[in-house]
Amino acid sequence: MKVILAKPRGFCAGVVRAIEIVERALDKYGPPVYVRHEIVHNKWVVDALKARGARFIEDLADVPPNAITIFSAHGVAKEVEIEAETRGLRVLNATCPLVSKVHSQGRHYLRNGRTVALIGHAGHPEVEGTLGQIPGKVWLVETEADVEASTLPSDTPIAYVTQTTLSVDDTRGIIAALYRRFKDVVGPGTQDICYATQNRQTALLELTKLVDVIFVVGAKNSSNSNRLREIGIEAGIPTYLIADGSEIKPEWLREVEVVGITAGASAPEIMVRDVINALNRISPVELSTLPGRDEHMEFRVPVDLLDVAGTNKISMDGKIGHTAPTEAACR
């Protein structure tokens, strides 16, 4: 069985930084540390950090006084920051810097008197955080139909920002609809779209030209992983979102000669290896990697943690606190 890996795939710089913040906080302060919401949307990562002493909560009321509290990579609303400060919690903010940039852009546009349109998915933690970081009414736009149905006057000054787990391709139609509907529209430009989202989608499209089936490694609640699955299906290739190799069904591989694998931005490489292992048990695997863009982006951890060595990184070897699948033995 030929297996082709997409490049790039898996962890982005924002995810690496968020996980490292939890790891370093545990090393510096000792367990427990409290993390509001899943640090990233991946059960294996969350379970690994739980095994080391991280406790994941949804409500700050569950955090004891003076405890180390970490905000997830998705960001939080301003009221959550204020609550933490009022309670005297010791906060480490793991919000992805690209998400924080969206918050700043939204506030800038609002101060300039524009109606802010947030392109994103209702209910996603990042969207909830962004809505709560911009101190005024924000118009959440999920589809082109939302734009067409707007009752705002056509001369309303509009500024758009986007959820970072959407790519240029994901947002292009909605942005075009905004320009058709309104006379005065500004936005941050495609250069501010999350590099990792765009790169992974571009790599997946290249993969669809070469394979018979695609496995996207990621969590069911991961927005970018779900979008990768959708793109594969839209390209006419059977595409399945799986957490690990145990979820592969034999019928998915009938009459399949070439398998493609990619991973969402919050999925560790060790889960990709687990999928390869599972395939190798079905049929000997001939493994290759599709040429793709190299990523060199790095984000610094908070100043309070710079004196702690970045050891035992999940992003490097996955050996954090609980048993990991063995490496793939492939031909």
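Farthest toward the positive end of the dipole of the chain, out of Ile214, Leu306, Ala13, is the Cα of Leu306, where the dipole comes from beta carbon charges about the Cα centre.
Ordering 19-25, 107-113 by mean Cβ neighbour count within 10 Å, with the highest value first, yields 19-25, 107-113. The Kirkwood radius of the chain, taken over pairs of alpha-carbon atoms, gives through the Stokes-Einstein law at 10 °C and 1.306 mPa s a diffusion coefficient of 76 µm² s⁻¹. Taking 7 Å steps out from each Cα toward its Cβ at Glu286 and Thr156 produces label points 5.8 nm apart. Helical content alone sets the calculated 222 nm signal of the chain at -11000 deg cm²/dmol, taking -39,500 (n - 2.57) per DSSP H segment of four or more residues and averaging over every residue.
Where does each of His103, His296 land when they are ordered by accessible area, with a 1.4 Å probe and the largest first? Could you put the intermediate results ahead of the total?
Details: His103 10, His296 155 Å².
In descending accessible area the options line up as His296, His103.
Per-residue Karplus couplings for the stretch 30-38, computed as 6.51 cos²θ - 1.76 cosθ + 1.60 with θ equal to phi - 60°, are listed in order as x, x, x, 10, 10, 10, 7, 6, 4 Hz, Gly and Pro entered as x. Ranking Thr143, Ala84, Val46 by Cα position along the charge dipole of the chain, where only Lys, Arg, Asp and Glu carry charges on their C-beta atoms, puts Ala84 farthest toward the positive end. Modelled spin labels at Thr143 and Ile57, positioned 7 Å past Cα toward Cβ, are 3.9 nm from each other.
Taking only the C-alpha atoms of the stretch 230-307, Rg followed by Dmax gives 16.5, 54 Å. Per residue, the average separation of C-alpha pairs within less than 8 Å and at least 6 apart gives the chain a relative contact order of 26 percent. Using Cβ point charges alone (K and R +1, D and E -1), the dipole size of the stretch 115-187 about the Cα centre works out to roughly 220 debye. Taking 14 Å as the straight-line reach from the Cα of Lys137, the aspartates and glutamates in range (excluding those fewer than 8 positions away in the same chain) are Glu128. Accessible area per residue was computed with a 1.4 Å probe on protein heavy atoms; Lys101 scores about 90 Å². Would you work out which of Gly75, Thr115, Tyr34 lies farthest towards the positive end of the dipole of the stretch 20-168? Charges go on Cβ: Lys and Arg +1, Asp and Glu -1. Highest projection toward the positive end goes to Tyr34. Under 5 Å between amide hydrogens, built in the peptide plane, is the criterion, and for Ala265 it picks out Ser225 among residues at least 5 positions away or on other chains.
For the pairs Lys220/Lys249; Lys101/Lys183; Lys50/Lys209, note any where the Cα-Cα span goes beyond 28 Å.
Over 28 Å Cα-Cα: Lys50/Lys209.
Here the Karplus relation 6.51 cos²θ - 1.76 cosθ + 1.60, evaluated at θ = phi - 60°, turns the backbone of the stretch 91-99 into coupling constants of 9, 10, 9, 9, 4, 4, x, 6, 5 Hz, with x for every Gly and Pro.
What do you get for Rg/Rh over the stretch 73-141 if you use C-alpha atoms and the Kirkwood form of Rh?
Values: Rg = 12.2 Å, Rh = 12.5 Å.
Here Rg/Rh amounts to 0.98.
The values are calculated or read from the model by the stated rules, or taken from the named source; none is laboratory data. This one's a predicted model, so the numbers in the text were calculated from it and none came from an experiment. Reconstructed Cβ throughout: ideal geometry from the backbone, glycine too, with neighbour counts over all protein chains shown. We work out accessible area using only protein heavy atoms, side chains counted, and drop any ligands, DNA or RNA first. Shrake-Rupley method; radii C 1.70, N 1.55, O 1.52, S 1.80 Å.
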